[in-house]
Amino acid sequence: MPTDVAGDRYFQPGIETMPRAELTKLQTERILSLVPYAYERSAFYHEVWDAAGVRPADIRDLDDFARLVPTITRDDIRAFRSRTGDPYAGLLCVDPSELTSITSSSGTTGEPEFFPELWDAQPPLPLASARDLWELGLRPGDRVLAPAGSFRGFFDSFYQMLGLVPVYADTWMGHWAEVLEVIKAYRPAYVQLMGPIIIELERLAATHDLREAFSCFKGASFAGQPLGRHQARMVREDWGLELFVYTSAGDTGTAWECREHDGYHLWEDTVLAEHLSADGNDPVSGDEVGELVATNLDDLAAPLIRYRSDDLVRMSGDVCGCGRTHSRMWVAGRKGDETVVRGRPVLVGDVWAAVESVPETADGLFQIIRPSREVEELRVRVGYEPSGDVGGLAERLAAAIGERVGVVPVVELETADEILARSTSVAKFPRVVKK
Amino acid sequence: MVAAAAALPRAPIAGIGRYHAGDQIVDFEIGWEETSRDTVWAREQLTRWGASRSGYALITAAMWQGPWVSPVLRACREIGITFGMADVFGWDSRRTATFARRLPLSLVFGLGRETAEALADSGELADLLGGVPAILAHADARPVLTAAGLRPGLIALLGPALALECPQRAGAHVNGAEWLVEETGDGLLLSTVAGRAHQARRVPLGITGSVVSGPCSCGSPDPRVRLG
């Protein structure tokens with residue numbers, strides 16, 4: 001439980017600083033309980049594990065688990081649902097009538113996937129971030145701005161549980177002139193930001209003192225996409241706002257930066273995080289890029305077990321400067337986002353760096369357009385601010401990208417507003433699109 | 001984590017909302033006791049629409065609508081109906097479509113214009129929602145929904161008050177124990193009649209409509225508001 005509100009850094013110190021051996025023991029207990037639970041209740045796991053010749057009794061420790069239990073992918077889940085018509089794709093381990101709620105994935109790569117939830121006091125996704133918001137500095141009595149989106153659930157009761165006061169302002173893009181007035185009136189301590197909102201704020205900076213506006217904030221979270229260098233510098237240095245970036249923990253929850261800002265903490269009492277080669281099942285060393293393969297340790301409704309997240313990460317189990325013992329990861333990209341142009345791999349991050357290097361497109365608003373992963377031509381749609389002279393912009397962008405990735409692209413320019421209108425989620429701006 | 005949070009002091013108020021009163025924006029504090037009462041009232045309304053433990057509800061709402069929608073979500077939890085969530089933006093209509101396609105929804109709450117138009121544009125609106133027995137929609141979505149042959153009940157945000165039609169669809173009920181809505185030639189006025197953190201006194205809502213005071217055939221004694 002949270003200890004000294006005035007000075008203590010940890011929300012649950014016993015868990016957050018748990019020695020590695022104890023964490024492993026806890027994970028082992030949970031895995032040994034989870035495996036027979038899922039096998040007996042989930043049609044999907046029963047089928048997949050039967051096909052692999054695995055029985056729960058074969059799993060006696062984490063080594064057995066990693067060696068014998070097959071990994072699964074989102075495509076496997078979609079295929080099961082498509083074949084059986086089961087809306088839960090065979091993952092459900094409880095009777096549907098027992099479910100409290102159903103949220104869903106952002107759906108940037110296809111139809112949203114369901115996350116069936118079973119809970120009493122608070123929904124699992126926001127609840128899992130209690131330690132992270134405590135680390136950010138939020139304390140009872142603080143006011144927080146309500147996030148814009150609701151598809152992962154309403155967060156207000158969670159804030160209330162922490163003693164916080166939600167301020168229900170419309171924080172979706174297009175409303176931030178009004179939000180700045182709300183900030184002035186109520187001096188909130190926290191808000192969740194997204195890339196398009198930062199772009200709107202950048203425009204408002206011409207007429208508003210954002211450093212003064214954000215001086216009441218203990219921090220802001222940022223998610224949905226990697227944070228470009230230009231935006232990060234502007235928010236942190238020009239506006240004086242400490243950003244806490246978070247990302248998905250392989251669809252089992254979220255992983256947040258702490259105040260050290262050195263990687264995303266995976267709460268390993270809730271997730272077993274494996275770090276495997278992207279094209280196989282071999283573990284890779286922490287400083288190599290591998291795929292995050294995640295197992296829910298606290299989800300009795302529809303646990304993901306050895307789920308290949310597509311997230312390419314580096315990972316470390318070293319104790320963080322904050323004193324927490326749970327592993328951290330650093331995201332390198334998405335496995336599915338690599339585009340192969342005439343046999344040459346092109347990574348989103350490399351295109352991003354090139355787009356950011358051109359002053360008129362420093363916000364890094366772009367999309368790679370590809371009908372399939374392997375293409376003959378690299379097409380990049382780039383958003384720019386229409387004010388000022390943009391003569392020769394497409395040519396300069398093509399040159400910058402070509403120099404960076406080794407393939408000169410076809411550049412399609414749109415205004416920032418036009419490209420932002422292509423958003424398909426409050427959580428993510430899609431970087432790779434089919435059209 | 002819930003146990004850890006239980007040791008924390010509760011905030012003095014449940015939240016701060018904002019409503020439009022004509023061309024004015026009014027901020028209002030939300031107290032804990034009225035949150036409980038609003039939940040009880042929302043539960044009564046949802047029950048009239050047949051919400052039960054055995055069904056599925058889809059709630060489509062924006063977080064800023066929390067002062068009005070959170071009591072509905074709490075009511076869903078109390079009823080035991082499994083609820084899904086979708087955003088209100090047109091581009092998120094595919095989430096509403098996914099829920100409607102995969103689950104036998106018994107209630108859709110909160111449909112707005114953007115979602116309704118996007119589903120209508122896709123040609124799926126009637127197919128997806130035609131079998132849903134209870135649809136509660138905002139006024140701006142109703143023309144699109146009715147054109148598709150659907151019969152939504154009305155949701156109206158009357159300043160800080162929530163108004164909901166019952167299945168009789170004869171005006172949106174307002175909790176008469178909490179609010180007084182008056183009809184004037186210049187539009188509707190709203191006052192609080194219960195002890196709430198925010199007290200309103202004949203606030204012009206900038207909404208035209210009429211107030212029906214007689215009992216509804218659904219059995220509710222609450223007054224009803226008809227917009228327009």
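The values are calculated or read from the model by the stated rules, or taken from the named source; none is laboratory data. Quantities reported herein were computed from a predicted structural model and do not represent experimental measurements. Neighbour counts are summed over all protein chains in view; Cβ atoms, including those assigned to glycine, are modelled from backbone coordinates with ideal geometry.
The sole residue among A:V340, A:V407, A:V355, A:V380 that is over 26 Å from the mean Cα position of the chain (by Cα) and over 27 Å from A:A148 (Cα atoms) is A:V407. The helices (runs of 4 or more DSSP H) found wholly in segment A:1-96 and carrying at least 2 residues that are in contact with a Cys (Cβ under 7 Å, 6 or more places away or on another chain) occupy A:20-41.
Let's see how each residue does on (1) outside any loop (DSSP other than H, G, I, E, B); (2) modelled with pLDDT of 95 or more; (3) closer than 23 Å to B:I59 by Cβ; (4) touching a strand residue (DSSP E or B) at 6+ places or on another chain (Cβ under 9 Å):
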{"site": "B:E114", "(1), (2), (3), (4)": "yes, yes, yes, no"}
{"site": "B:A120", "(1), (2), (3), (4)": "yes, yes, yes, no"}
{"site": "B:T146", "(1), (2), (3), (4)": "yes, yes, yes, no"}
{"site": "B:L162", "(1), (2), (3), (4)": "yes, yes, yes, yes"}
{"site": "B:G176", "(1), (2), (3), (4)": "no, yes, no, no"}
{"site": "B:E182", "(1), (2), (3), (4)": "yes, yes, no, yes"}
{"site": "B:A197", "(1), (2), (3), (4)": "no, yes, no, yes"}
{"site": "B:A200", "(1), (2), (3), (4)": "no, yes, no, yes"}
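Conditions (1) among the small types (G, A, S); (2) at pLDDT 90 or above; (3) buried (at least 19 other Cβ atoms within 10 Å of the Cβ), marked per residue:
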site	(1), (2), (3)
A:P303	no, yes, yes
A:S309	yes, yes, yes
A:R324	no, yes, yes
A:G336	yes, no, no
A:V341	no, yes, yes
A:R344	no, no, no
A:V355	no, yes, yes
A:A362	yes, no, yes
A:Q367	no, yes, yes
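Taken residue by residue, segment A:185-192 has at least one member that is touching a residue at least 12 places away in the same chain (Cβ under 8 Å), surrounded by fewer than 20 Cβ atoms within 10 Å (Cβ to Cβ) and either within 26 Å of B:G15 (Cα to Cα) or among the small types (G, A, S) (or both).
Per the listing A:L136, A:L118, the residue uniquely touching a Gly at 6+ places or on another chain (Cβ under 8 Å) and more than 9 Å from chain B (Cβ to nearest Cβ) is A:L136.
For segment A:93-108, the set of residues classified as crowded, with 16+ Cβ neighbours inside 10 Å and more than 10 Å from every other protein chain (Cβ to nearest Cβ) consists of A:C93, A:T108, listed by residue number. Can you tell me which of A:S101, A:S150 is modelled with pLDDT of 95 or more, under 30 Å from B:A11 (Cα atoms) and of a type in the set (S, T, N, Q)? Answer to the check: A:S101.
When each of A:L125, A:L133 is tested for being under 26 Å from A:E29 (Cα atoms) and either within 20 Å of the chain's Cα centre (by Cα) or part of a loop (DSSP other than H, G, I, E, B) (or both), the lone residue that passes is A:L125. All of (1) in contact with a strand residue (DSSP E or B) (Cβ under 6 Å, 6 or more places away or on another chain); (2) more than 26 Å from A:D64 (Cβ to Cβ) hold for A:M315 with one exception: (2). Between A:R83, A:R30, A:R41, the distinction of being surrounded by 15 or more Cβ atoms within 10 Å (Cβ to Cβ), more than 24 Å from A:N281 (Cβ to Cβ), more than 22 Å from the chain's Cα centre (by Cα) and away from every other protein chain (no Cβ under 14 Å) belongs to A:R41 only.
Taking the condition more than 13 Å from chain B (Cβ to nearest Cβ), of a type in the set (A, V, I, L, M, F, W, C), assigned to a helix (DSSP H, G or I) and closer than 30 Å to B:A4 by Cα, does A:F158 pass? When the stated conditions are applied, A:F158 does not pass them. For segment A:139-155, filtered to residues that are among the aliphatic types (A, V, I, L, M) and at the interface with chain B (Cβ under 7 Å from one of its Cβ atoms), the residue that is surrounded by the most Cβ atoms within 10 Å (Cβ to Cβ) is A:A146. The residues of segment A:263-277 that are surrounded by 15 or more Cβ atoms within 10 Å (Cβ to Cβ), outside any strand (DSSP E or B) and out of contact with any Phe, Trp or Tyr (no Cβ under 8 Å at 6 or more places or on another chain), listed by number, are A:L266, A:W267, A:E268, A:D269, A:T270.
Scan segment B:1-32 residue by residue and report those that are outside any loop (DSSP other than H, G, I, E, B) and away from chain A (no Cβ under 14 Å). B:A21 - this is the single residue of segment B:1-32 that is outside any loop (DSSP other than H, G, I, E, B) and away from chain A (no Cβ under 14 Å). Taking the listed residues A:L201, A:L180, the one that is assigned to a helix (DSSP H, G or I), away from every other protein chain (no Cβ under 11 Å), over 21 Å from the mean Cα position of the chain (by Cα) and buried (at least 23 other Cβ atoms within 10 Å of the Cβ) is A:L201, with no other qualifying. For A:V319, the criteria (1) part of a loop (DSSP other than H, G, I, E, B); (2) in contact (Cβ under 8 Å) with a residue 24 or more places away in the chain; (3) of a type outside the set (D, E, K, R) hold in every case but one, which is (2). Kindly establish whether A:R152 is more than 27 Å from A:G364 (Cβ to Cβ) and in contact with a helix residue (DSSP H, G or I) (Cβ under 8 Å, 6 or more places away or on another chain). So A:R152 does not fit the description; no. Counting residues in segment B:51-71 that are buried (at least 20 other Cβ atoms within 10 Å of the Cβ), in contact with a strand residue (DSSP E or B) (Cβ under 8 Å, 6 or more places away or on another chain) and either more than 13 Å from chain A (Cβ to nearest Cβ) or over 30 Å from B:P167 (Cβ atoms) (or both) gives one or more.
Can you confirm whether A:G174 is in a loop (DSSP other than H, G, I, E, B) and under 28 Å from A:T108 (Cα atoms)? Yes. Only one entry of B:P223, B:P167 meets the criterion of being of a type outside the set (A, V, I, L, M, F, W, C), over 23 Å from B:A14 (Cβ atoms) and surrounded by 21 or more Cβ atoms within 10 Å (Cβ to Cβ), and that entry is B:P223.
Picking from residues in segment B:75-109 that are more than 9 Å from chain A (Cβ to nearest Cβ) and not in a helix (DSSP H, G or I), the one that is surrounded by the fewest Cβ atoms within 10 Å (Cβ to Cβ) is B:P104. Scanning segment A:234-242 finds one or more residues that are at positive phi and either surrounded by 22 or more Cβ atoms within 10 Å (Cβ to Cβ) or in the same structural domain as A:W134 (by TED's automatic domain parsing) (or both).
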